[in-house]
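Enquirer: Sharing a structure below in C-alpha cells format, with a few things to ask.
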Amino acid sequence: MRELEFAVLGPLEVRDSGTPIRLTGMRRHRLLALLLLRFPHAVARESLVDALWETPPASARQQVHNAIRDLRAALTTTPATAGSGAGSTTGSSVLATTATGYRLDVPPEAVDAHRFTEGARAARAARREGREAEAVRLFRSALDLWRGEAFAGIDCPAVTAAAAGLEEERLTAIEELTELRLAAGESATLVAELSTLTAAHPLRDALRGHLMLALHRSGRQADALAVYDEGRRLLADELGLEPGRHLRRLHTEILTDAREERRTPKPPTTDTTPATDAPTPTRQATEDHHRPTHHSHHGNHLPRDLPDFTGRTAELALLNSETDAHHCTTPLTPPGAPSTIVIDGMGGIGKTALAIHFAHRRTPDHPDGQHYIDLHGFTPDRDPLTPEEALGILLRSDGATPEEIPAGPAERGAAWRSRLAGRRALLVLDNAADAAQVTPLLPGAGDTLTLITTRRKSAAPDGARRLTLGALRQEEAETLFRRVAGESRPAASLARTVTLCGHHPLALRLAATRLRDRPSWTVPDLADRLSTPEGRTALLRTADRGLMPVLALSRTRLPAEAQRLAHLLALHPSTPHDIAAVCAITGLAAPLVEHLLDTLLDHNLADEPAPAHVALPLLVRDCAQSWTPSATPQLQATARRLTVVA
C-alpha cells in the first residue's frame, strides 16, 4: 500500500514509501508548501494567488491551475506505484479540489511537522506526570525529525513566517529537553551543544541560563559568569534591556557559590604512611611552608572596569582558552605552573582596557590577591619604573611591611616569588617597556596568572603567550561610537566616520565625545572634519588627552633612523610598501631597510599585510607626518626620493 510522507522540517521533500518524489520548479515547491501550511484545511485559490505574487499577473489563476495539475500528477497513485493490494485505488490523488480551492487529503501523521508537535506534546504530558525518562525519549524522537531549517530554500513570505513559528517550537522543545537533562545530572556533555545553540540564538535567556548552569556544574564558574556578561552586553546593545529575572538570579547564585567555594579551606592532608624518622612532607605542608599566611593581604587592587567596554569578543575567547589550558580547577590537583599572557598593540588601541576587563572576569579563579601596577613604559615626562621600584610597590600592595622589603632588586624578587608560591593570584603588569623590566616581576611557582600590556612585541618574556591587539571590527567600532556619543537614532556616515578613526578605540572615544559635546553637529559633519590629516589631528583630542600625543610616545623608544623612516613613509603617497620601494624612497640598502621595518613592526607602528610588505596605519601616518627627527647620514629626505615610487 502506498504511503506518502511530507517532510518540511528541513528542505521540502515528498517521499513515496520512503522513496523521494522529484518535484521540479520553485513554484511547485511554494504551492505545496502553502498547501501544507493550511493542512488539513483547504486553501482558497485567491489566497494562493496573493501568496505567490506581490502583483499578480492577469494569468495568475491559470498559472495556479496549471501548477496544481502538475503537482497532482506528481502525487497521483499510478498502477506502477500503487501495487495490486486491496487498499490501493488506481488513479486516485492526494490533492483534492474543493468548491473554493485545494486541499491535501492525507493522514495528519504523513506530515513530519505534525509528528513533531504531537511528540513534543506527549513529552510535556509525560513530564507533568513525573515520567522524566520517557519525556526525554519523546523530546529526542521529536527533535530527531529536524533536518535543518524548516522549508529551507523556499522564498515566500507566508512560508518564511510559518518556518519562523516552527523554529520557535523547536527551540522551546530543546530548552525543555535540556532542562530535563540538567535535572538528570548531565553537565559537561551539554556544554559544546549549548555553546553552539547560544551563539546561534544569543537573545534566548533560557539557552544562556542552561549553558551557564552546565558550565558551573562542570567546575567552570568563570566561564559561566563570562557567558552572562556577554548576554547582558548584547541585550543592552541590541534592545536596551537587562537580562530576565531568572538569569539574573542564576548569575547571583553562581557568583556566590564560586566565592564560597574559594573561601572553603582545603581539607587537612591525612598521612597514612607509617611514621619514620624523617617523614616526607605532604604537598599541603609544602604549600603551607611557602604561603605567608601571617602577613598576606589578599586584596583586589585592579582598577575599575570600563562600564561601556565594547567588543573584543574573539580576543576574550582566546584569552579564556589560553587561561583555561593552565588553570588548576580542584584542590586535589597539583598546583599549575604560572601562566603569562602578553597583550601588545599600538598606543590607545585598548590593551589596558582589555586586560582589566578580562582580569575582573577571572578574579573568582584567582582568589589569593589581584595586583595591578603601571610600569610607565610609555608615560609622558617620566622614566619607566625599574624592576626594583616595581617590586617594592608590589610587595607593599601584598601587605609587606617596610621591614619585610629587602633593599636590593635580587632580594626583592626572591621575596616576591616566595609570597606568590603556592597561591592562585592574578597580576596585571601594565604599560611595560621591555622584557627586561617585567621578567624579575614574574612568579616562580603557584597558579598565578600574569597579564602584561605593552606596545612592543619583543617585550614578551620567554614562555609567555602573546596576543597582538588590532583595531576593532566594523560593528564593534560603530557600537562603541554610539555608546559614547549617546546617539540613539540611525546615523548617516557612521561607517565612514569610524573608518576615518581607523577603528581605533581611543580615536573613536575622542570623536564621539566631540559629537556628544556639539549638539548642533551631525555625524556627516564630523566625518567631513575627520577627512583630512589636519582635521583628525585637531579633532581627536579633548581638554585632558589627545590621540596624537599618545601615539607619539612610541617615538621616544625608537632609534633616530627608525623615526626618520616612519616620517618618510608617512609622507609618501603610496601604501603598502615592499622592500624595494622603501629602498628607493630612502636610498638605504635592503638589509638596513629590513632592520628598520622590523623595528617599526616590533613597536606596532606598522602592519605587515603581506610578507615583505609594510603599511603604516592611517592614524600613525597622521602622527608621523609631524615628526621632525634630526637628519641621519644614511637617510635621504629629498623631494626627489619621495617621488621615485608613486
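The values are calculated or read from the model by the stated rules, or taken from the named source; none is laboratory data. Remember, it's a predicted structure, so these values are computed and weren't measured experimentally. Every residue, glycine as well, gets a Cβ built from its backbone with ideal geometry; the counts of neighbours run over all protein chains shown. Only protein heavy atoms, including side chains, enter the accessible area calculation; ligands, DNA and RNA are left aside. Shrake-Rupley method; radii C 1.70, N 1.55, O 1.52, S 1.80 Å.
Enquirer: Within segment 51-60, is there a residue that is at pLDDT below 80, surrounded by 13 or more Cβ atoms within 10 Å (Cβ to Cβ), over 22 Å from residue 114 (Cα atoms) and among the acidic types (Asp, Glu)?
Expert: No, that holds for no residue.
Enquirer: Looking only at residues that are within 18 Å of residue 439 (Cα to Cα) and basic (Lys, Arg) in segment 380-427, which one is least open to solvent (accessible area, probe 1.4 Å)?
Expert: By that ranking, first place goes to 419.
Enquirer: Hey, among the residues in segment 516-539 that are among the β-branched types (Val, Ile, Thr) and either outside any helix (DSSP H, G or I) or out of contact with any helix residue (DSSP H, G or I) (no Cβ under 8 Å at 6 or more places or on another chain) (or both), which one's surrounded by the fewest Cβ atoms within 10 Å (Cβ to Cβ)?
Expert: 532
Enquirer: Still on this structure, I have one more. Being without any contact (Cβ under 8 Å) to a residue 40 or more places away in the chain and buried (at least 17 other Cβ atoms within 10 Å of the Cβ) is the filter; apply it to segment 219-248 and report the residue that is farthest from the chain's Cα centre (by Cα).
Expert: 243
Enquirer: In the list 464, 511, 477, 436, which residue meets the criterion of being over 19 Å from residue 540 (Cβ atoms), among the hydrophobic types (A, V, I, L, M, F, W, C) and either open to solvent by 30 Å² or more (accessible area, probe 1.4 Å) or out of contact with any strand residue (DSSP E or B) (no Cβ under 6 Å at 6 or more places or on another chain) (or both)? Talk me through it step by step, then tell me what you get.
Expert: Numbers: 464 fails: either open to solvent by 30 Å² or more (accessible area, probe 1.4 Å) or out of contact with any strand residue (DSSP E or B) (no Cβ under 6 Å at 6 or more places or on another chain) (or both); 511 fails: over 19 Å from residue 540 (Cβ atoms); 477 fails: over 19 Å from residue 540 (Cβ atoms).
Answer to the check: 436.
Enquirer: Just to confirm my filter: which helices (runs of 4 or more DSSP H) fall fully inside segment 14-83 and include at least 3 residues that are more than 24 Å from residue 3 (Cβ to Cβ) and charged (D, E, K, R)?
Expert: Helices (runs of 4 or more DSSP H) meeting the threshold: 45-52.
Enquirer: Determine whether residue 377 is part of a loop (DSSP other than H, G, I, E, B) and either closer than 22 Å to residue 468 by Cβ or open to solvent by 30 Å² or more (accessible area, probe 1.4 Å) (or both).
Expert: Considered against the rule, which asks whether it is part of a loop (DSSP other than H, G, I, E, B) and either closer than 22 Å to residue 468 by Cβ or open to solvent by 30 Å² or more (accessible area, probe 1.4 Å) (or both), residue 377 comes out as yes.
Enquirer: A follow-up question, please. Of the residues 87, 91, 165, 119, which single one is modelled with pLDDT of 85 or more and either assigned to a helix (DSSP H, G or I) or open to solvent by 40 Å² or more (accessible area, probe 1.4 Å) (or both)?
Expert: 119
Enquirer: Provide a single number: the residues in segment 26-38 that are at pLDDT below 75 and either open to solvent by less than 60 Å² (accessible area, probe 1.4 Å) or among the aliphatic types (A, V, I, L, M) (or both).
Expert: Counting residues in segment 26-38 that are at pLDDT below 75 and either open to solvent by less than 60 Å² (accessible area, probe 1.4 Å) or among the aliphatic types (A, V, I, L, M) (or both) gives 0.
Enquirer: Sticking with this structure for a sec: Name every residue in segment 122-166 that is without any contact (Cβ under 8 Å) to a residue 40 or more places away in the chain and of a type outside the set (A, V, I, L, M), in order of residue number.
Expert: Across segment 122-166, the qualifying residues are 128, 129, 130, 131, 134, 137, 140, 141, 144, 160, 165.
Enquirer: Can you report the number of residues in segment 348-387 which are in contact (Cβ under 8 Å) with a residue 40 or more places away in the chain and of a type in the set (D, E, K, R)?
Expert: The total comes to 6.
Enquirer: Restricting attention to segment 249-258, and to residues there that are touching a helix residue (DSSP H, G or I) at 6+ places or on another chain (Cβ under 7 Å) and at pLDDT 85 or above, which single residue is most open to solvent (accessible area, probe 1.4 Å)?
Expert: 251
Enquirer: Against the definition (at pLDDT 85 or above, closer than 27 Å to residue 384 by Cα, small (Gly, Ala, Ser) and open to solvent by 20 Å² or more (accessible area, probe 1.4 Å)), how does residue 560 come out, yes or no?
Expert: yes
Enquirer: Here's another thing I want to ask about it. Return a yes/no flag: does segment 330-339 have any residue that is open to solvent by 10 Å² or more (accessible area, probe 1.4 Å) and either modelled with pLDDT of 90 or more or assigned to a helix (DSSP H, G or I) (or both).
Expert: no
Enquirer: Can you spot a residue in segment 486-494 that is surrounded by fewer than 20 Cβ atoms within 10 Å (Cβ to Cβ), in contact (Cβ under 8 Å) with a residue 60 or more places away in the chain and of a type in the set (A, V, I, L, M)?
Expert: no
Enquirer: Another question, then. Among (1) touching a residue at least 60 places away in the same chain (Cβ under 8 Å); (2) hydroxyl-bearing (Ser, Thr, Tyr); (3) open to solvent by 50 Å² or more (accessible area, probe 1.4 Å), which single condition is residue 448 missing?
Expert: It is condition (3) that residue 448 fails.
Residue by residue, here is whether (1) small (Gly, Ala, Ser); (2) surrounded by 19 or more Cβ atoms within 10 Å (Cβ to Cβ); (3) within 24 Å of residue 454 (Cα to Cα) holds:
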site	(1), (2), (3)
544	no, no, yes
566	yes, yes, yes
571	no, no, no
587	yes, no, no
614	no, yes, yes
619	no, yes, yes
